[in-house]
Amino acid sequence: MTVSKKGFGTAPVFFTAMSTILGAILFLRFGYGVGTLGFWGVVLIILLGHLVTIPTALAISEIATNKRVEGGGEYFIISRSFGLNIGATVGIALYMSQAISVAFYVIAFTESFEFLFEYLKVNYDFILPRQAISLPAMGALAFLMFKKGANMGVKTLYIIVGILAVALILFFVGTTEYYQTNTFSIFSADMRNMSQFFIVFAIIFPAFTGMTAGVGLSGELKNPSKSIPLGTTLATVSGMIIYLFIAWKLASSASTTDLTEQQLIMGKIALGGNIIIPIGLAASTLSSAIGSIMVAPRTLQALATDHSFPGIKVNAFLRLNDKKKDEPINATLVTILIAFIFVAVGNVDVVAGIISMFFMVTYGSLCLISFLNHFGASPSYRPSFKSRWYFSLIGFLVALFIMFKIDALYAIVSLLAMTIIYLLINHYHRDRKGLEIIFINAIFQLNRNLQVYLQNARKRTSYSEWRPSCICISDKTFERKEAFRLLNWISYKYGFGTYIHLIQGYFSKASNKEARATLDKLILQFGKIESQVYVDTMISPSYTSAIAQAVQLPGITGLDNNMLIFDNNINDENGLKRIIENYGLVNAGNFDVLILRTGLDPIDSDKDIHLWLKRTDESNANLMILLSFIIYAHPDWKKSAIKIFDISKPGEIENTKTHLQDLIVRGRLPITLKNIEFLEEKEDVSIQEMINQRSADAGLVILGFRGDHLKHQGKPLFEGFNNIDSMLFVNSHDEKVIE
């Protein structure tokens, strides 16, 4: 059996694109656009349209040169960049635009027989339905594709492009009475009827969309990485320049009335136009129809090959190939049936508007892919042709803007439909990923750049503003969750938190595997709540070595870590002992230290936060007040209040009251004066007794401690609070400023 070689070069890409760009809209509606909006109005349409098409052409060229683009063209690019699920979603919209385009060009081809319709109407008073020409033409096109396939289509392109070139030359050399008697200048040309701008835009825009037509031949190209960028970019720029000159020629050669009322006005301007323009229209629409009917089935076949549709039989049917001709036979059949439906009921303006919306979705997606790949591409993304990220961003934003300006409701419906399609595809193929990977990589890159910027900024600036950047390290994660809850409260609005689950032992293949599995379990577990905490695991031979490692970790946000939370249960004496032993190690790193001691019951956030201030809390007081405010800001505490108990020496209550009130007002803290109670020290009543009496019903009690007291007293410093279930002991490395 002889295997045919794929040997198409750049020329088919360029000619396929050009024959589609210089197609039906040029001959049938471009004159109407100039007549309605004026010369500068149409120039604005050309420029705005190419703010989408040029970035799209560059995006396609870039992505296509990263790897060999296989059958399916644009769909292949989207699916291999965005992932198969989102690729299938956009690919279905792309396929529909291509299939409907076949009908659109056949309908437009019918208009080249306008002389016949006029002759029958004038001489026999008979109105011949357009379908009398369009349906047989569609049948002939279907026969051509089944009989000859893509090779016949590509060979035909050269003849058609030649006819187009002759038609355009005769158009530009032609002259009219209007041109000879009127002086037209682009400097005096007007811009009118701008309220109809986007209506006309929707009709004309398909004229610029042909630049991607050649990409659909990617499976038949000898060297796609060269042919696609060169052919696509050259066709896009050439098409824009030609349309600018055509707008000038139309505006200078015909009146506004003739431009808006005579569909084939180009025939009145061109030399021998009554013959060459209908022939040119027929040739261009036929070539565009051939281009679309070659590309659309290959897109559908590629979708089926990737199992994009529900049902094994459906995908198998659509991807069936004619081995002798290497043609997607069933996909072609489906495309022809869709085209027949639109040919039977369609109209040039209506179908043009539908196509515009489909193409905007596709082009916007391609530009978005290119933009994201500039920031979140994997190392395997190494295109030989490189666009610029700002071109892609402009293309995406302009496409989105135009969609809503054309028809906001239709745009919303289109986006909702695509969302539903994606959800359905994602339901059938839950194992396939892709889209999130690009976003995650982009976020990693952004985070890296911010980290470097913040590090450099710290060299230039002395920061005086304090905010908590906490670490909590615990080997009791699965036994108690209160330390994680505390860290989450601190991290909710004002702080940053890193929770580390300690796995004691030496690093090995087995322990590393255990750590990864544990991390997945923790992320799944904590992911069920609204968490602001970064979770990780650490393998270390001892608790002390783990603390030493933890205090050296960089902050996840670029801000240095400045606080460490110890987790302890009231009944865990050994745990308290190792906390006391490692306090000096943490203090050496200039860290604030929080020791959370809880009982069997969880912290009750529906109850109040009680803050106890002592005269020995000179350095701790401000941090304790700030922490109570930070924790209270979390929604879990919305039913509670902050209460302060200040214990002073006899005779110093008034001075303490004035200072504390000033601090609360100056710091704009949500603490009312009625929630502050000032107490005197009593020799026969210990602080533990006072706290037990007044805070038995508190949700969380915050109490300060000093490092020297911890060193000399040890465990007794934390004992004696028999009625209190949840206590947070606070030691500030330095006095915090409340502004």
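Points worth noting:
- Residues with amide H under 5 Å from that of Val535, placed H, sequence gap 5 or more: Tyr499
- Accessible surface of region 555-661, 1.4 Å probe, proportion on carbon and sulfur as whole %: 47
- With K and R counted +1 and D and E -1, the other residues having a Cβ less than 9 Å from that of Asn675 yield a net charge of 0.
- Estimated 222 nm signal from helices in the chain, with DSSP H stretches of n ≥ 4 weighted -39500 (n - 2.57), rounded to 500: -20000 deg cm²/dmol
- Across the alpha-carbon set of the chain, the Rg to Rh ratio works out to 1.18, Rh being the Kirkwood radius.
- When peptides 181-191, 16-26, 103-113, 697-707 are ranked by their average number of other Cβ atoms within 10 Å per residue, the highest-first order is 16-26, 103-113, 697-707, 181-191.
- Other-chain or far-sequence residues with amide H under 5 Å of Ile644's (modelled H): Leu611, Ile676, Glu677
- To the nearest ten degrees, helix 653-666 and the longest principal axis of the Cα atoms of the chain are 10 degrees apart.
- For region 19-125, carbon and sulfur atoms together expose 63% of the accessible surface, with a 1.4 angstrom probe and every protein chain in place.
- Summing charges over neighbours of Ser686, with a neighbour being any other residue whose Cβ is under 15 Å away from its Cβ, gives -2 when K and R count +1 and D and E count -1.
- Helix 30-64 axis, angle to the chain major axis (alpha carbon atoms, nearest 10°): 60
- Between helix 408-428 and the chain: long-axis angle, C-alpha atoms, 0 to 90°, nearest 10: 70
- Computed over protein heavy atoms with a 1.4 Å probe, the accessible surface of the chain works out to 46 Å² per residue.
- Applying 0.36 nm per residue to the separation of Leu524 and Leu600 and subtracting their alpha-carbon distance, the gain on full extension is 24.9 nm.
- Protection proxy ranking of 388-394, 642-648, 174-180, by the mean of other Cβ atoms within 10 Å over each peptide's residues and highest first, is 642-648, 388-394, 174-180.
- The string of couplings for region 311-322 from the Karplus curve (6.51, -1.76, 1.60, θ = phi - 60°) is x, 5, 5, 4, 5, 5, 5, 6, 8, 4, 10, 7 Hz, one whole number per residue in order, with x for Gly and Pro.
- Relative packing of peptides 522-530, 482-490, 466-474 - highest average C-beta neighbours within 10 Å first: 482-490, 466-474, 522-530
The values are calculated or read from the model by the stated rules, or taken from the named source; none is laboratory data. Everything quoted here is computed from the prediction, not taken from an experiment. Every residue, glycine as well, gets a Cβ built from its backbone with ideal geometry; the counts of neighbours run over all protein chains shown. The area values use the complete protein model at the heavy-atom level, side chains included, leaving out ligands, DNA and RNA. Shrake-Rupley method; radii C 1.70, N 1.55, O 1.52, S 1.80 Å.
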